[in-house]
1. With every protein chain present, what accessible area does ILE319 have (1.4 Å probe, heavy atoms only), rounded to the nearest 10 Å²?
2. By how many nm would the segment from GLN31 to ALA209 lengthen if fully extended, with 0.36 nm per residue of separation less the alpha-carbon distance?
3. Work out the length of the dipole vector of the chain about its Cα centre, built from +1 on the beta-carbon of each Lys and Arg and -1 on the beta-carbon of each Asp and Glu, and round it to the nearest 20 debye.
4. Between GLN181 and ALA320, what is the spin-label point distance in nm, taking each point 7 Å from the Cα along the Cα→C-beta axis?
5. Taking the alpha-carbon distance from LYS72 and a cut-off under 28 Å, which lysines remain once sequence neighbours fewer than 8 residues away in the same chain are dropped?
6. Could you name the aspartates and glutamates whose alpha carbon sits less than 12 Å from that of LYS230, not counting residues in the same chain fewer than 8 places away?
7. Rounded to the nearest 5, what % of DSSP beta bridges with both residues in the range 1-160 are antiparallel?
8. Over the chain, what is the relative contact order in whole percent, taking alpha-carbon pairs under 8 Å and six or more residues apart?
Amino acid sequence: MERRTIGAAGLAVGAVGLGCMPMSWGYSASQRHGDRSVRTVHAALDAGVRLLDTADMYGPFTNELLVGRAIKGRRSEAFLSTKCGLLVGDQHIVANGRPGYVRRACDASLRRLQTDVIDLYQLHRADPEVPVEETWGAMAELVTAGKVRSLGLCAVGAHAPRRSGAGPFAGTIRQLERIQQVFPVSAVQAELSVWAPEALEELLPWCAARGVGVLAAMPLGNGYLTGTLKPGQGFEPDDLRARHPRFTAEMMAANQPVVAGLRRIAERRGASVAQVALAWVLRQGPHVVAVPGAKRERWAVENAGAADVVLDDRDLAEIAGLPPARGSWD
């Protein structure tokens, strides 16, 4: 498969990265173990994973501290991606795109990550009170200053409010077209998986036409597409899936045919269900890198192996024929 690279640091896409968020934020606090997380990052690097994806809001701040600790002495092996633009309060998250804040946030991330340069600096969300061009201009200054090598944008989710008749990522594309006039976009991060394929409609073609990389977030459907979660198993209150409309007991049961279809292909390929789900993501274009989260060494290594799983036309046709995933918003 032809592979492209992201930004000046040259991350090869068409491979699997490591989303570090679950190690510190979003999932059950009882499952967070710092030493184990460091071992997971090391196992991923040993397996050939380069992209490590984090953000200052994860924790907040603790995930960057963990990643900084994990890559100490191994910085040259990692393509380091982090994000700015969101502030976490007690019960809320707000956007901050003021240029002064962006500069301070970058310096703070560099300190926590124990590095002198960030390979990919992403805008987590645009601030509705600040023109996105101003925020992006401040981020571009960080490239000029040598603190950042390339810039990326996180897409607004497909289920976010949008104009009547607009595509699921129309708002993101409008932002991209504006900021491209200021400084080149190297990558866009957006949810993409077998059960959330909406980015294929407009966003991936837009990126492909412009040589922009795509970081496929949540490619395992927050763990559902690994085939290891059971309907009705329940989640701890601090786990984001406890409030997710696809993780009610009813919807988890309703979406079992999706996992069953992936399992049939996995058995035929001698792969795991998760590897098939990730291989499908990688087949969506040479500009795509899958970024599954993982908290344990075993899963990080298994996910990395998805790059070697080759799906043929029969496999892809079977996946295309699976029923659409359902959620309680449907």
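The values are calculated or read from the model by the stated rules, or taken from the named source; none is laboratory data. This is a predicted model, so every value here is computed, not measured. Every residue, glycine as well, gets a Cβ built from its backbone with ideal geometry; the counts of neighbours run over all protein chains shown. Only protein heavy atoms, including side chains, enter the accessible area calculation; ligands, DNA and RNA are left aside. Shrake-Rupley method; radii C 1.70, N 1.55, O 1.52, S 1.80 Å.
1. 10
2. The GLN31-ALA209 span can extend by a further 60.0 nm.
3. Here the chain has a charge dipole of around 480 debye.
4. 3.8
5. Leaving aside lysines fewer than 8 places away in the same chain, those within reach of LYS72 are LYS83, LYS147, LYS295.
6. GLU250
7. 25
8. Relative CO of the chain lands at 22 percent.
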